[in-house]
Amino acid sequence: MEDIDLLWVVIASALLFLMQAGFLCLETGMTRSKNNINVAIKNFCDFCVSVLAFWLVGFGLMYGLSYRGWIGLDLFALDFAKATPSLAVLFLFQVMLCVTSVTILSGIVAERMKFGAYLFAAIIVSGLLYPVAGHWSWAGRIAEGSGWLADLGFVDFAGSTVVHSVGGWAGLALVLIIGPRLGRFDDGSDAQAITPSNMPTATLGALLLFIGWLGFNGGSTLVLDDTVPSILINTVVGGCVGAISAGGLRYAVNQRLDVDQFINGALGGLVAVTANCFAVSTGSAALIGLVGGMIVVFVSQVLETLKIDDAVGAIPVHLGAGIWGTLATGLYGDLDTLDTGLSRLEQVGVQGLGVLVYGIWTFGMAFLVFSAGNAIFRFRVTREDEISGLNISELGIHQESELQASISTPVGTRP
(Lines give C-alpha, C1' and ligand atoms only; values in the text may rest on other atoms or scores of the structure.)
Protein backbone atom coordinates (compact mmCIF):
# COMPACT_ATOMS: atom_id res chain seq x y z
CA MET A 1 0.00 0.00 0.00
CA GLU A 2 1.15 3.55 -0.78
CA ASP A 3 1.58 6.01 2.09
CA ILE A 4 -1.52 7.94 1.03
CA ASP A 5 -3.54 4.71 1.11
CA LEU A 6 -2.23 3.88 4.58
CA LEU A 7 -3.22 7.35 5.77
CA TRP A 8 -6.71 7.02 4.28
CA VAL A 9 -7.34 3.65 5.94
CA VAL A 10 -6.14 5.03 9.30
CA ILE A 11 -8.54 7.98 8.96
CA ALA A 12 -11.35 5.62 7.99
CA SER A 13 -10.56 3.45 11.02
CA ALA A 14 -10.80 6.49 13.28
CA LEU A 15 -14.19 7.31 11.77
CA LEU A 16 -15.25 3.72 12.33
CA PHE A 17 -14.17 4.00 15.97
CA LEU A 18 -16.51 6.98 16.24
CA MET A 19 -19.37 4.59 15.51
CA GLN A 20 -18.84 3.07 18.95
CA ALA A 21 -19.66 6.44 20.48
CA GLY A 22 -22.68 6.59 18.19
CA PHE A 23 -23.96 3.20 19.31
CA LEU A 24 -23.39 4.14 22.95
CA CYS A 25 -25.41 7.36 22.63
CA LEU A 26 -28.12 5.72 20.56
CA GLU A 27 -28.64 2.78 22.90
CA THR A 28 -28.45 4.71 26.17
CA GLY A 29 -30.89 7.27 24.81
CA MET A 30 -33.39 4.68 23.60
CA THR A 31 -33.41 2.71 26.87
CA ARG A 32 -34.71 3.67 30.31
CA SER A 33 -32.67 5.76 32.71
CA LYS A 34 -32.55 2.94 35.29
CA ASN A 35 -30.46 0.91 32.80
CA ASN A 36 -28.55 3.55 30.83
CA ILE A 37 -25.24 3.31 32.71
CA ASN A 38 -25.30 -0.46 32.36
CA VAL A 39 -25.93 -0.14 28.62
CA ALA A 40 -23.05 2.32 28.29
CA ILE A 41 -20.50 0.18 30.10
CA LYS A 42 -21.57 -2.91 28.13
CA ASN A 43 -20.83 -0.99 24.94
CA PHE A 44 -17.43 0.06 26.25
CA CYS A 45 -16.49 -3.41 27.47
CA ASP A 46 -17.73 -5.29 24.41
CA PHE A 47 -15.35 -3.13 22.39
CA CYS A 48 -12.44 -4.12 24.60
CA VAL A 49 -13.12 -7.87 24.70
CA SER A 50 -13.95 -7.99 20.98
CA VAL A 51 -10.65 -6.36 20.03
CA LEU A 52 -8.82 -8.89 22.17
CA ALA A 53 -10.74 -11.89 20.80
CA PHE A 54 -10.29 -10.72 17.21
CA TRP A 55 -6.56 -10.19 17.69
CA LEU A 56 -6.03 -13.56 19.37
CA VAL A 57 -8.24 -15.72 17.15
CA GLY A 58 -10.63 -13.89 14.86
CA PHE A 59 -8.18 -12.17 12.52
CA GLY A 60 -6.49 -15.48 11.77
CA LEU A 61 -9.77 -17.29 11.14
CA MET A 62 -10.89 -14.50 8.83
CA TYR A 63 -7.72 -13.56 6.96
CA GLY A 64 -5.24 -16.36 7.55
CA LEU A 65 -4.07 -18.70 4.81
CA SER A 66 -7.31 -20.13 3.48
CA TYR A 67 -8.21 -23.78 3.87
CA ARG A 68 -10.33 -24.44 0.78
CA GLY A 69 -12.13 -21.12 1.19
CA TRP A 70 -13.71 -22.06 4.51
CA ILE A 71 -11.38 -20.90 7.28
CA GLY A 72 -8.04 -19.19 7.89
CA LEU A 73 -5.13 -21.14 9.34
CA ASP A 74 -2.56 -18.55 10.49
CA LEU A 75 -2.13 -14.88 11.56
CA PHE A 76 -3.23 -15.64 15.13
CA ALA A 77 -2.09 -13.30 17.94
CA LEU A 78 0.24 -11.40 15.63
CA ASP A 79 3.04 -9.20 16.90
CA PHE A 80 2.36 -6.12 14.81
CA ALA A 81 5.65 -4.55 15.82
CA LYS A 82 7.17 -7.10 13.44
CA ALA A 83 4.44 -6.92 10.79
CA THR A 84 4.37 -4.73 7.71
CA PRO A 85 2.63 -1.34 8.03
CA SER A 86 0.04 -2.49 5.48
CA LEU A 87 -0.94 -5.53 7.54
CA ALA A 88 -1.07 -3.50 10.76
CA VAL A 89 -3.31 -0.85 9.22
CA LEU A 90 -5.55 -3.48 7.65
CA PHE A 91 -5.94 -5.14 11.05
CA LEU A 92 -6.89 -1.80 12.59
CA PHE A 93 -9.63 -1.27 10.02
CA GLN A 94 -10.91 -4.83 10.15
CA VAL A 95 -11.11 -4.96 13.93
CA MET A 96 -13.31 -1.85 13.84
CA LEU A 97 -15.66 -3.66 11.47
CA CYS A 98 -15.69 -6.63 13.84
CA VAL A 99 -16.65 -4.60 16.91
CA THR A 100 -19.40 -2.91 14.90
CA SER A 101 -20.98 -6.28 14.23
CA VAL A 102 -20.71 -7.22 17.92
CA THR A 103 -22.16 -3.97 19.27
CA ILE A 104 -25.40 -4.58 17.35
CA LEU A 105 -26.25 -7.24 19.95
CA SER A 106 -26.04 -4.79 22.84
CA GLY A 107 -29.07 -2.74 21.85
CA ILE A 108 -31.20 -5.74 20.91
CA VAL A 109 -30.97 -7.39 24.35
CA ALA A 110 -30.62 -4.25 26.47
CA GLU A 111 -32.22 -3.94 29.93
CA ARG A 112 -32.47 -7.63 30.79
CA MET A 113 -29.17 -9.47 30.20
CA LYS A 114 -26.42 -10.13 32.71
CA PHE A 115 -23.14 -8.32 32.18
CA GLY A 116 -20.99 -11.45 32.11
CA ALA A 117 -23.38 -13.27 29.81
CA TYR A 118 -23.29 -10.40 27.34
CA LEU A 119 -19.49 -10.40 27.27
CA PHE A 120 -19.60 -14.15 26.62
CA ALA A 121 -21.85 -13.50 23.62
CA ALA A 122 -19.50 -10.75 22.41
CA ILE A 123 -16.52 -13.12 22.52
CA ILE A 124 -18.39 -15.81 20.57
CA VAL A 125 -19.38 -13.37 17.83
CA SER A 126 -15.99 -11.64 17.53
CA GLY A 127 -13.88 -14.77 17.93
CA LEU A 128 -15.90 -17.28 15.92
CA LEU A 129 -19.14 -16.32 14.17
CA TYR A 130 -18.06 -13.11 12.48
CA PRO A 131 -14.52 -14.09 11.38
CA VAL A 132 -15.56 -17.43 9.89
CA ALA A 133 -18.41 -15.75 8.03
CA GLY A 134 -16.08 -12.98 6.89
CA HIS A 135 -13.54 -15.46 5.54
CA TRP A 136 -16.08 -16.82 3.06
CA SER A 137 -16.39 -13.42 1.35
CA TRP A 138 -13.33 -11.35 2.21
CA ALA A 139 -10.40 -13.73 2.70
CA GLY A 140 -8.79 -12.69 -0.56
CA ARG A 141 -8.32 -9.10 0.60
CA ILE A 142 -5.23 -10.08 2.59
CA ALA A 143 -4.38 -13.78 2.34
CA GLU A 144 -3.58 -16.02 -0.56
CA GLY A 145 -6.68 -17.74 -1.89
CA SER A 146 -10.25 -16.58 -1.44
CA GLY A 147 -13.44 -17.52 0.33
CA TRP A 148 -15.77 -20.04 -1.25
CA LEU A 149 -18.66 -17.58 -1.50
CA ALA A 150 -16.45 -15.01 -3.18
CA ASP A 151 -15.37 -17.67 -5.66
CA LEU A 152 -19.03 -18.15 -6.59
CA GLY A 153 -19.34 -14.41 -7.26
CA PHE A 154 -20.94 -13.20 -4.02
CA VAL A 155 -20.31 -9.47 -3.48
CA ASP A 156 -20.67 -7.57 -0.22
CA PHE A 157 -18.45 -4.51 -0.54
CA ALA A 158 -18.45 -3.17 3.03
CA GLY A 159 -20.63 -5.60 4.94
CA SER A 160 -24.40 -5.30 4.62
CA THR A 161 -24.41 -9.03 5.32
CA VAL A 162 -20.89 -9.84 6.55
CA VAL A 163 -21.05 -7.19 9.29
CA HIS A 164 -24.65 -6.09 9.77
CA SER A 165 -26.70 -9.19 9.05
CA VAL A 166 -24.26 -11.34 11.03
CA GLY A 167 -24.80 -9.08 14.03
CA GLY A 168 -28.54 -9.06 13.40
CA TRP A 169 -28.83 -12.86 13.11
CA ALA A 170 -26.79 -13.39 16.28
CA GLY A 171 -28.89 -10.79 18.10
CA LEU A 172 -32.12 -12.45 16.95
CA ALA A 173 -30.94 -15.80 18.30
CA LEU A 174 -29.97 -14.20 21.60
CA VAL A 175 -33.22 -12.30 22.10
CA LEU A 176 -35.28 -15.43 21.37
CA ILE A 177 -33.40 -17.18 24.16
CA ILE A 178 -33.68 -14.50 26.84
CA GLY A 179 -37.19 -13.26 25.96
CA PRO A 180 -38.85 -9.81 26.06
CA ARG A 181 -38.54 -7.18 28.77
CA LEU A 182 -41.04 -7.26 31.62
CA GLY A 183 -44.18 -5.37 30.71
CA ARG A 184 -43.54 -5.34 26.97
CA PHE A 185 -46.10 -8.04 26.10
CA ASP A 186 -47.33 -9.06 29.55
CA ASP A 187 -51.07 -8.49 29.16
CA GLY A 188 -51.35 -10.54 26.01
CA SER A 189 -52.59 -7.61 23.93
CA ASP A 190 -50.67 -5.22 21.73
CA ALA A 191 -47.07 -4.39 22.55
CA GLN A 192 -46.70 -1.87 25.35
CA ALA A 193 -44.48 1.08 24.51
CA ILE A 194 -41.46 1.60 26.78
CA THR A 195 -40.53 5.26 26.91
CA PRO A 196 -36.89 6.03 26.02
CA SER A 197 -34.91 8.07 28.52
CA ASN A 198 -33.27 10.62 26.23
CA MET A 199 -34.16 10.91 22.56
CA PRO A 200 -31.86 13.92 21.93
CA THR A 201 -28.92 11.73 22.99
CA ALA A 202 -30.18 8.94 20.76
CA THR A 203 -30.42 11.38 17.86
CA LEU A 204 -26.86 12.52 18.50
CA GLY A 205 -25.84 8.88 18.39
CA ALA A 206 -27.47 8.49 14.99
CA LEU A 207 -25.51 11.48 13.67
CA LEU A 208 -22.25 10.04 15.03
CA LEU A 209 -23.05 6.76 13.31
CA PHE A 210 -23.73 8.65 10.09
CA ILE A 211 -20.27 10.23 10.29
CA GLY A 212 -18.66 6.90 11.10
CA TRP A 213 -20.32 5.31 8.09
CA LEU A 214 -18.21 7.49 5.82
CA GLY A 215 -15.20 5.60 7.11
CA PHE A 216 -17.11 2.33 7.02
CA ASN A 217 -17.89 2.49 3.31
CA GLY A 218 -15.17 4.83 2.08
CA GLY A 219 -12.42 2.94 3.87
CA SER A 220 -13.50 -0.40 2.45
CA THR A 221 -11.76 0.50 -0.80
CA LEU A 222 -8.51 0.09 1.20
CA VAL A 223 -7.03 2.67 -1.16
CA LEU A 224 -7.66 6.36 -1.76
CA ASP A 225 -8.74 6.30 -5.40
CA ASP A 226 -11.25 8.05 -7.63
CA THR A 227 -14.12 5.80 -6.51
CA VAL A 228 -14.11 7.14 -2.93
CA PRO A 229 -16.07 10.39 -3.57
CA SER A 230 -18.98 8.59 -5.24
CA ILE A 231 -19.00 5.97 -2.49
CA LEU A 232 -19.27 8.68 0.16
CA ILE A 233 -22.05 10.46 -1.72
CA ASN A 234 -24.02 7.24 -2.22
CA THR A 235 -23.65 6.56 1.49
CA VAL A 236 -25.02 9.95 2.51
CA VAL A 237 -27.86 9.84 -0.03
CA GLY A 238 -28.92 6.34 0.99
CA GLY A 239 -29.02 7.24 4.67
CA CYS A 240 -30.96 10.47 4.16
CA VAL A 241 -33.55 8.89 1.88
CA GLY A 242 -33.93 6.02 4.35
CA ALA A 243 -34.77 8.47 7.14
CA ILE A 244 -37.37 10.27 5.04
CA SER A 245 -38.81 6.96 3.82
CA ALA A 246 -39.26 5.38 7.25
CA GLY A 247 -40.36 8.57 8.99
CA GLY A 248 -42.79 9.44 6.21
CA LEU A 249 -44.27 5.95 6.08
CA ARG A 250 -44.83 5.89 9.84
CA TYR A 251 -46.43 9.33 9.68
CA ALA A 252 -48.75 8.23 6.87
CA VAL A 253 -49.91 5.29 8.98
CA ASN A 254 -50.09 6.89 12.46
CA GLN A 255 -50.53 10.58 11.60
CA ARG A 256 -47.69 11.53 13.93
CA LEU A 257 -43.94 11.91 13.71
CA ASP A 258 -42.00 8.98 15.13
CA VAL A 259 -38.47 9.91 16.14
CA ASP A 260 -37.44 6.27 16.45
CA GLN A 261 -38.36 5.58 12.85
CA PHE A 262 -36.56 8.62 11.47
CA ILE A 263 -33.40 7.48 13.27
CA ASN A 264 -33.70 3.79 12.42
CA GLY A 265 -34.78 4.58 8.86
CA ALA A 266 -31.56 6.53 8.32
CA LEU A 267 -29.51 3.66 9.71
CA GLY A 268 -31.48 1.20 7.57
CA GLY A 269 -30.71 3.24 4.46
CA LEU A 270 -27.03 3.29 5.39
CA VAL A 271 -26.96 -0.47 5.97
CA ALA A 272 -28.72 -1.10 2.65
CA VAL A 273 -26.17 0.82 0.55
CA THR A 274 -23.18 -0.64 2.40
CA ALA A 275 -22.98 -3.71 0.15
CA ASN A 276 -23.32 -1.87 -3.13
CA CYS A 277 -22.25 1.78 -2.75
CA PHE A 278 -19.23 1.26 -5.01
CA ALA A 279 -21.21 -0.17 -7.93
CA VAL A 280 -24.49 1.77 -8.16
CA SER A 281 -25.52 5.18 -9.46
CA THR A 282 -26.62 7.93 -7.10
CA GLY A 283 -30.21 7.41 -8.18
CA SER A 284 -29.98 3.70 -7.44
CA ALA A 285 -28.47 4.46 -4.03
CA ALA A 286 -31.49 6.69 -3.30
CA LEU A 287 -33.87 3.91 -4.34
CA ILE A 288 -32.01 1.33 -2.26
CA GLY A 289 -32.13 3.66 0.76
CA LEU A 290 -35.84 4.30 0.15
CA VAL A 291 -36.69 0.62 0.26
CA GLY A 292 -34.30 0.08 3.18
CA GLY A 293 -36.21 2.62 5.27
CA MET A 294 -39.53 0.96 4.44
CA ILE A 295 -38.14 -2.45 5.36
CA VAL A 296 -37.17 -1.11 8.78
CA VAL A 297 -40.79 -0.11 9.44
CA PHE A 298 -42.15 -3.40 8.09
CA VAL A 299 -39.78 -5.65 10.05
CA SER A 300 -40.45 -3.64 13.23
CA GLN A 301 -44.15 -4.45 12.88
CA VAL A 302 -43.42 -8.12 12.22
CA LEU A 303 -41.30 -8.35 15.39
CA GLU A 304 -44.06 -6.78 17.47
CA THR A 305 -46.59 -9.21 16.03
CA LEU A 306 -44.30 -12.13 16.92
CA LYS A 307 -43.70 -10.63 20.40
CA ILE A 308 -39.95 -10.35 19.84
CA ASP A 309 -38.61 -7.47 21.93
CA ASP A 310 -35.76 -5.62 20.24
CA ALA A 311 -35.06 -2.73 22.62
CA VAL A 312 -33.65 -0.30 20.04
CA GLY A 313 -34.90 -1.67 16.71
CA ALA A 314 -31.54 -3.08 15.65
CA ILE A 315 -32.88 -6.24 14.00
CA PRO A 316 -34.97 -4.33 11.43
CA VAL A 317 -32.03 -2.01 10.74
CA HIS A 318 -29.12 -4.40 10.55
CA LEU A 319 -30.72 -7.69 9.57
CA GLY A 320 -33.72 -6.53 7.54
CA ALA A 321 -32.01 -3.72 5.63
CA GLY A 322 -28.81 -5.77 5.41
CA ILE A 323 -30.57 -8.56 3.55
CA TRP A 324 -32.17 -6.05 1.21
CA GLY A 325 -28.86 -4.30 0.50
CA THR A 326 -27.18 -7.59 -0.34
CA LEU A 327 -29.93 -8.54 -2.79
CA ALA A 328 -29.97 -5.00 -4.22
CA THR A 329 -26.32 -5.43 -5.15
CA GLY A 330 -27.39 -8.05 -7.66
CA LEU A 331 -30.42 -6.08 -8.79
CA TYR A 332 -28.83 -2.65 -9.32
CA GLY A 333 -25.06 -3.10 -9.24
CA ASP A 334 -23.18 -2.35 -12.45
CA LEU A 335 -22.08 -5.76 -13.71
CA ASP A 336 -18.80 -4.45 -15.09
CA THR A 337 -17.95 -2.89 -11.74
CA LEU A 338 -18.97 -6.01 -9.84
CA ASP A 339 -16.67 -7.93 -12.22
CA THR A 340 -17.89 -11.41 -11.29
CA GLY A 341 -18.58 -12.59 -14.83
CA LEU A 342 -22.18 -13.43 -13.89
CA SER A 343 -25.36 -12.39 -15.63
CA ARG A 344 -27.88 -10.22 -13.79
CA LEU A 345 -30.05 -13.19 -12.84
CA GLU A 346 -27.04 -15.26 -11.79
CA GLN A 347 -25.75 -12.41 -9.64
CA VAL A 348 -29.08 -12.06 -7.86
CA GLY A 349 -29.10 -15.82 -7.29
CA VAL A 350 -25.62 -15.82 -5.74
CA GLN A 351 -26.53 -12.86 -3.55
CA GLY A 352 -29.59 -14.76 -2.33
CA LEU A 353 -27.46 -17.82 -1.65
CA GLY A 354 -25.13 -15.67 0.45
CA VAL A 355 -28.05 -14.32 2.48
CA LEU A 356 -29.28 -17.86 3.10
CA VAL A 357 -25.87 -19.28 4.00
CA TYR A 358 -25.06 -16.48 6.43
CA GLY A 359 -28.47 -16.85 8.06
CA ILE A 360 -28.03 -20.58 8.57
CA TRP A 361 -24.47 -20.25 9.87
CA THR A 362 -24.88 -17.27 12.15
CA PHE A 363 -28.37 -17.85 13.52
CA GLY A 364 -27.94 -21.60 13.77
CA MET A 365 -24.56 -21.56 15.48
CA ALA A 366 -25.48 -18.61 17.70
CA PHE A 367 -28.67 -20.30 18.85
CA LEU A 368 -26.84 -23.54 19.68
CA VAL A 369 -23.95 -21.89 21.55
CA PHE A 370 -26.08 -19.33 23.37
CA SER A 371 -28.67 -21.94 24.35
CA ALA A 372 -25.92 -24.11 25.82
CA GLY A 373 -24.44 -21.13 27.63
CA ASN A 374 -27.84 -20.11 28.98
CA ALA A 375 -28.43 -23.63 30.29
CA ILE A 376 -25.18 -23.50 32.25
CA PHE A 377 -25.20 -19.85 33.26
CA ARG A 378 -28.57 -18.12 33.13
CA PHE A 379 -28.21 -15.15 30.81
CA ARG A 380 -31.16 -13.14 32.10
CA VAL A 381 -31.20 -11.13 35.32
CA THR A 382 -33.84 -11.92 37.95
CA ARG A 383 -37.26 -10.31 37.87
CA GLU A 384 -36.40 -8.22 40.92
CA ASP A 385 -33.17 -6.99 39.37
CA GLU A 386 -34.91 -6.09 36.12
CA ILE A 387 -37.55 -4.10 37.99
CA SER A 388 -35.01 -2.18 40.07
CA GLY A 389 -32.84 -1.56 37.02
CA LEU A 390 -29.44 -2.89 36.01
CA ASN A 391 -27.65 0.29 37.09
CA ILE A 392 -28.46 -0.69 40.67
CA SER A 393 -28.59 -4.48 40.53
CA GLU A 394 -25.40 -5.04 38.51
CA LEU A 395 -23.36 -1.89 39.09
CA GLY A 396 -24.62 -0.66 42.47
CA ILE A 397 -25.07 2.84 41.05
CA HIS A 398 -27.93 4.99 42.28
CA GLN A 399 -28.48 8.04 40.12
CA GLU A 400 -29.17 11.38 41.78
CA SER A 401 -32.87 11.40 40.89
CA GLU A 402 -33.31 7.95 42.43
CA LEU A 403 -31.50 8.98 45.60
CA GLN A 404 -33.62 12.10 45.94
CA ALA A 405 -36.77 10.04 45.50
CA SER A 406 -35.72 7.64 48.24
CA ILE A 407 -34.78 10.46 50.60
CA SER A 408 -38.07 12.29 50.08
CA THR A 409 -40.16 9.14 50.59
CA PRO A 410 -41.32 8.66 54.22
CA VAL A 411 -40.26 5.46 55.96
CA GLY A 412 -42.81 2.69 55.52
CA THR A 413 -44.25 4.02 52.26
CA ARG A 414 -43.57 3.13 48.66
CA PRO A 415 -42.14 5.74 46.24
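I'd like to verify a number: residues in the stretch 172-223 that are under 30 Å from Thr235 (Cβ atoms), in a loop (DSSP other than H, G, I, E, B) and open to solvent by less than 30 Å² (accessible area, probe 1.4 Å), how many?
Of the residues in the stretch 172-223, 1 are under 30 Å from Thr235 (Cβ atoms), in a loop (DSSP other than H, G, I, E, B) and open to solvent by less than 30 Å² (accessible area, probe 1.4 Å).
For every residue, the table says whether it meets (1) among the basic types (Lys, Arg); (2) under 25 Å from Ala110 (Cα atoms); (3) modelled with pLDDT under 95; (4) in contact with a Phe, Trp or Tyr (Cβ under 8 Å, 6 or more places away or on another chain).
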{"site": "Asp190", "(1), (2), (3), (4)": "no, yes, yes, no"}
{"site": "Gly215", "(1), (2), (3), (4)": "no, no, no, no"}
{"site": "Pro229", "(1), (2), (3), (4)": "no, no, no, no"}
{"site": "Val237", "(1), (2), (3), (4)": "no, no, no, no"}
{"site": "Ile263", "(1), (2), (3), (4)": "no, yes, no, no"}
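Which of the numbered conditions does Ser160 fail, given that it passes all the others? Conditions: (1) more than 16 Å from the chain's Cα centre (by Cα); (2) open to solvent by less than 50 Å² (accessible area, probe 1.4 Å); (3) among the hydroxyl-bearing types (Ser, Thr, Tyr).
Against the list (1) more than 16 Å from the chain's Cα centre (by Cα); (2) open to solvent by less than 50 Å² (accessible area, probe 1.4 Å); (3) among the hydroxyl-bearing types (Ser, Thr, Tyr), Ser160 comes up short only on (1).
Which of the numbered conditions does Leu152 fail, given that it passes all the others? Conditions: (1) surrounded by fewer than 24 Cβ atoms within 10 Å (Cβ to Cβ); (2) within 20 Å of the chain's Cα centre (by Cα); (3) farther than 17 Å from Val95 by Cα.
With respect to (1) surrounded by fewer than 24 Cβ atoms within 10 Å (Cβ to Cβ); (2) within 20 Å of the chain's Cα centre (by Cα); (3) farther than 17 Å from Val95 by Cα, Leu152 is out only on (2).
Does the stretch 106-143 hold any residues that are farther than 23 Å from Val89 by Cα and either among the aromatic types (Phe, Trp, Tyr) or free of Cβ contacts under 8 Å to residues at least 12 places away in the same chain (or both), and which are they?
Result: Phe115, Tyr118, Phe120.
Would you mind listing the helices (runs of 4 or more DSSP H) fully within the stretch 27-124 where at least 2 residues are open to solvent by 40 Å² or more (accessible area, probe 1.4 Å)?
Answer list for the stretch 27-124: 36-53, 85-108, 115-124.
For Asp334, are the conditions met, namely being more than 23 Å from Val125 (Cβ to Cβ), open to solvent by 40 Å² or more (accessible area, probe 1.4 Å) and in contact (Cβ under 8 Å) with a residue 24 or more places away in the chain?
Answer is yes for this residue.
Restricting to the stretch 225-282, name every residue that is of a type in the set (Phe, Trp, Tyr) and open to solvent by 60 Å² or more (accessible area, probe 1.4 Å).
Tyr251, Phe262, listed by residue number.
Which condition does Leu270 not pass, out of (1) more than 20 Å from the chain's Cα centre (by Cα); (2) in contact (Cβ under 8 Å) with a residue 12 or more places away in the chain, if it passes all the others?
All conditions pass for Leu270, except number (1).
The values are calculated or read from the model by the stated rules, or taken from the named source; none is laboratory data. Just so we're clear, the structure is a prediction, and the values are computed from it rather than from any experiment. Quick reminder, even Gly has a Cβ in these numbers, built from the backbone with ideal geometry, and neighbours come from all protein chains shown. These accessible areas exclude ligands, DNA and RNA; they are computed on the full protein's heavy atoms, side chains included. Shrake-Rupley method; radii C 1.70, N 1.55, O 1.52, S 1.80 Å.
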